[in-house]
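Colleague: Handing you a structure now.
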Amino acid sequence: MSKKVLIISSSPRKGGNSDVLCDEFLKGALDAGNQAEKVFLRDKKINYCMGCGFCSENDYTGCSQKDDMSEILDKMQESDIIVFATPVYFYAISGQMKTFIDRMCARYTHIENKEFYYIMTAADDSKDAIQYALGEFKGLMACLVNPTEKGCLFAGGVWKKGEIAGTDYPQQAYELGKNL
């Protein structure tokens, strides 16, 4: 049965290492007969959360801000699988991903029964490099309704744009997408 897959790329660089892995995951998911789409956060207007309380006062059905976040939240609610992709900076998720996660507050209680995958790239090739970043995603999962973490692709030892091409990580991302 075909699944609906949404990939959230928080790379600040179009064609950056984590963004390339998103494209490969997308190809794999499509080749397996799924519906799949990538949202590139760099191309979206997403404001910081203002902590105004509008969402909590309105049963987490929306946000007072009018930007691209509402459209992405709609896609998240409609998806079966959500992929979060981020470069790891100073052992943390990118600022773009953090801002995105903070803005999920508007409807996080309505993102239910989803499967999640993580794609992370880092200059450091130690598995320890992603533990803090992974912890940020796990913190989000603790707040969602019945999430299932399905997989994590960590591509270490890549920093400069394009370094990912000389590795087997793109093939791993493709296979992960193909085997949903």
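Colleague: Roughly how big is region 1-91's charge dipole about its Cα centre, with Cβ charges of +1 (Lys, Arg) and -1 (Asp, Glu), in debye to the nearest 20?
Modeller: Dipole magnitude for region 1-91 comes out near 300 debye.
Colleague: Stretched out fully, how many nm does the piece from L30 to A123 gain, at 0.36 nm a residue minus the Cα gap?
Modeller: 30.6 nm
Colleague: What is the dipole size for the chain, taken about its Cα centre, with +1 at each Lys and Arg Cβ and -1 at each Asp and Glu Cβ, in debye to the nearest 20?
Modeller: My answer is approximately 280 debye.
Colleague: Right, here's the next one. Please list, in chain and number order, the residues 5+ apart from E149 or on another chain whose amide H is under 5 Å from its amide H, with Hs placed from the backbone.
Modeller: Amide H neighbours of E149, under 5 Å, 5+ apart: F116.
Colleague: Roughly speaking, what is the centre-to-centre gap between region 105-160 and region 1-76 when only Cα atoms are used, to the nearest Å?
Modeller: If we compute the Cα centre of each part, the gap is 14 Å.
Colleague: Counting other C-beta atoms within 10 Å, and keeping those with at most 16, which DSSP coil trypsin sites (Lys or Arg not before Pro) do you find in region 142-180?
Modeller: Filter output for region 142-180: K160, K161.
Colleague: So, R0 is 25 Å and r is the distance between the beta-carbons of Y48 and F90; what FRET efficiency does that work out to, to 0.05?
Modeller: Using R0 = 25 Å, I get an efficiency of 0.85.
Colleague: Which FRET efficiency value, to the nearest 0.05, is calculated for D59 and D80 with the Förster distance at 30 angstrom and r the Cβ-Cβ distance?
Modeller: That gives a FRET efficiency of 0.80.
Colleague: Now for a separate question. What is the dipole size for region 51-150, taken about its Cα centre, with +1 at each Lys and Arg Cβ and -1 at each Asp and Glu Cβ, in debye to the nearest 20?
Modeller: 120
Colleague: Now a separate question. Going Cα to Cα from K160, which lysines come in below 21 Å? Please leave out same-chain ones fewer than 8 positions away.
Modeller: K14, K127
Colleague: Label points 7 Å out from Cα along the Cβ direction at D67 and C152: separation in nm?
Modeller: Between D67 and C152, the label points sit 2.7 nm apart.
Colleague: Right, next: Over region 40-114, how many pairs of lysines fall under 16 Å by alpha carbon, counting only those 8 or more apart in sequence or from different chains?
Modeller: Qualifying lysine pairs in region 40-114: 7.
Colleague: While we're here: Classify region 113-180 as rounded, prolate or oblate from the Cα gyration tensor: take a ≥ b ≥ c as the square roots of its eigenvalues, call it rounded if a/c is under 1.5, otherwise prolate when a/b beats b/c and oblate if not.
Modeller: In terms of gyration-tensor shape, oblate.
Colleague: Students often check this: by mean Cβ neighbours within 10 Å, which of 116-123, 166-173 ranks highest, and how do the rest follow?
Modeller: Ranked by mean Cβ neighbours within 10 Å, highest first: 116-123, 166-173.
Where a number appears in this text, it was derived from the coordinates with a stated rule and is not lab data. All values reported here derive from a predicted model rather than from experimental measurement. Reconstructed Cβ throughout: ideal geometry from the backbone, glycine too, with neighbour counts over all protein chains shown.
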